[in-house]
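*Asks:* Below you will find the structure I want to go over with you.
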Amino acid sequence: VLTPPALGGSFGSQAKGTTAATFLELGVGGRAMGMGGAFTAVANDATALYWNPAGLTAVEKRAATFMHAAYLESSTYDYGAYAQKLGEGSAFGLSFQYLNFGKVTQTDTNFNETGSVTPNDLALSLGYARKLGGGSAGVSAKFIRSTIIHTAQTTALDVGLLSPKLLNRKLTLGFAILNAGGTLKYQETAENLPLTFKAGAAYQVRERWLLSADLAAPRGDAAYAAVGTEYMLPVGNAWRLATRTGYNTRTVSSLGVLSGWALGVGFGSKSLDFDYAFAPMGALGISNRFSVSAKF
């Protein structure tokens, strides 16, 4: 349903593994990942630059987020973002993503060591968003560099929309097109980026209880769905405890049913938040994401 006919051959399970820079799909932020990545219509902090750039307009003054993840085997995944309000109706943000695979030993055809390489992926983003008729629209440009043995680089765009608050200001709808742009060419072959179309909804059941859902169609893989929930509990006068859970169908077919689950917890105040997300990844191990966010 979400796949444009002109691009149909690049989408679906039959096209799995046909894109490069898949690190762009790993997800960021302890809060979002604790909700299974169902964040397209929720995005309201500095990580909006990743999930839906239209959400930058939700930043009240200035906001920043940093995430670190001890990812699979020896790899690490880091993300940082800063967002700032510009006047009453607009905002901008900038961010980086960095995936480091650790040192890999090189060998010749006789398995003799010839040195080592450190494969890594980097993305730098700059975005702008503006309120429109009760909703908002945003766009971000990103520079992408990927290094295995050779290095390839390109640019891409993200575009996002958020609806006005609906149903007594309880419901928000979101839409995003992510990683639209060029190709990565390491030597002779040019590979597409993981272009993704996303639609999401966020429903504020009660003041402390939030539900969210996403549908996504990525190039190079099958369509998938994500659902998440968050419940806030006050702790004293200034602090709050958040409990989160979510389910994402993206990895279920390859890593098993349990790999779709995510659990998260957060502890924060009006100006500072600490968030953690846990997700099993079948035989590959466990993904842990820690993030800290500030508003100032």
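The values are calculated or read from the model by the stated rules, or taken from the named source; none is laboratory data. Predicted model, so just to flag it, every value in this text is computed and none were measured. No Cβ is skipped: glycine too gets one built from the backbone with ideal geometry, and neighbour counts run over all protein chains shown. Side chains are part of the model used for accessible areas, which takes the heavy atoms of the whole protein and leaves out ligands, DNA and RNA. Shrake-Rupley method; radii C 1.70, N 1.55, O 1.52, S 1.80 Å.
*Asks:* When the residues of segment 120-144 are filtered to those that are free of Cβ contacts under 8 Å to residues at least 40 places away in the same chain and surrounded by 16 or more Cβ atoms within 10 Å (Cβ to Cβ), which remaining residue is farthest from E88 (Cα to Cα)?
*Replies:* N120
*Asks:* Of the residues that sit in segment 12-33 and are open to solvent by 10 Å² or more (accessible area, probe 1.4 Å) and either touching a Lys or Arg at 6+ places or on another chain (Cβ under 6 Å) or part of a helix (DSSP H, G or I) (or both), which one is modelled with the lowest pLDDT?
*Replies:* The qualifying residue modelled with the lowest pLDDT is S13.
*Asks:* Next up: So for segment 189-197 (the condition being of a type in the set (F, W, Y) and surrounded by fewer than 19 Cβ atoms within 10 Å (Cβ to Cβ)), does at least one residue qualify?
*Replies:* no
*Asks:* Which ones in segment 244-272 are buried (at least 17 other Cβ atoms within 10 Å of the Cβ) and among the small types (G, A, S)?
*Replies:* Answer for segment 244-272, where residues must be buried (at least 17 other Cβ atoms within 10 Å of the Cβ) and among the small types (G, A, S): G246, S259, G260, A262, G264, G266, G268.
*Asks:* For N168, which of the numbered conditions (1) of a type outside the set (G, A, S); (2) without any contact (Cβ under 8 Å) to a residue 24 or more places away in the chain; (3) closer than 23 Å to S287 by Cα fails to hold?
*Replies:* Single failed check for N168: (3).
*Asks:* Is it the case, given these coordinates, that R219 is touching a helix residue (DSSP H, G or I) at 6+ places or on another chain (Cβ under 6 Å), touching a residue at least 40 places away in the same chain (Cβ under 8 Å), under 30 Å from H150 (Cβ atoms) and open to solvent by 20 Å² or more (accessible area, probe 1.4 Å)?
*Replies:* So R219 fits the description; yes.
*Asks:* Applying the selection to segment 129-151, what residues are at pLDDT 90 or above and of a type in the set (G, A, S)?
*Replies:* A129, G134, G135, S136, A137, G138, S140, A141, S146
*Asks:* Next up: From the list T40, T47, T57, T76, pick out the single residue that is more than 27 Å from A225 (Cβ to Cβ) and polar (S, T, N, Q).
*Replies:* Sole residue among the options that is more than 27 Å from A225 (Cβ to Cβ) and polar (S, T, N, Q): T76.
*Asks:* Hey, another quick one. I'm trying to understand the selection: among the residues of segment 236-256, which are modelled with pLDDT under 95, within 21 Å of the chain's Cα centre (by Cα) and either in a helix (DSSP H, G or I) or not charged (D, E, K, R) (or both)?
*Replies:* N248, T249, T251, V252, S253, S254, L255
*Asks:* Go through the residues of segment 250-262 one by one and say whether even a single one is in contact (Cβ under 8 Å) with a residue 12 or more places away in the chain, among the aromatic types (F, W, Y) and in contact with a Lys or Arg (Cβ under 7 Å, 6 or more places away or on another chain).
*Replies:* No, segment 250-262 has no match at all.
*Asks:* Please count how many residues of segment 34-74 are part of a loop (DSSP other than H, G, I, E, B) and either in contact (Cβ under 8 Å) with a residue 24 or more places away in the chain or within 11 Å of the chain's Cα centre (by Cα) (or both).
*Replies:* So the count comes out to 20.
*Asks:* Scanning for something free of Cβ contacts under 8 Å to residues at least 24 places away in the same chain, in a strand (DSSP E or B), touching a Lys or Arg at 6+ places or on another chain (Cβ under 8 Å) and farther than 14 Å from M35 by Cα, does segment 264-272 turn up at least one residue?
*Replies:* Checked segment 264-272: at least one residue is free of Cβ contacts under 8 Å to residues at least 24 places away in the same chain, in a strand (DSSP E or B), touching a Lys or Arg at 6+ places or on another chain (Cβ under 8 Å) and farther than 14 Å from M35 by Cα.
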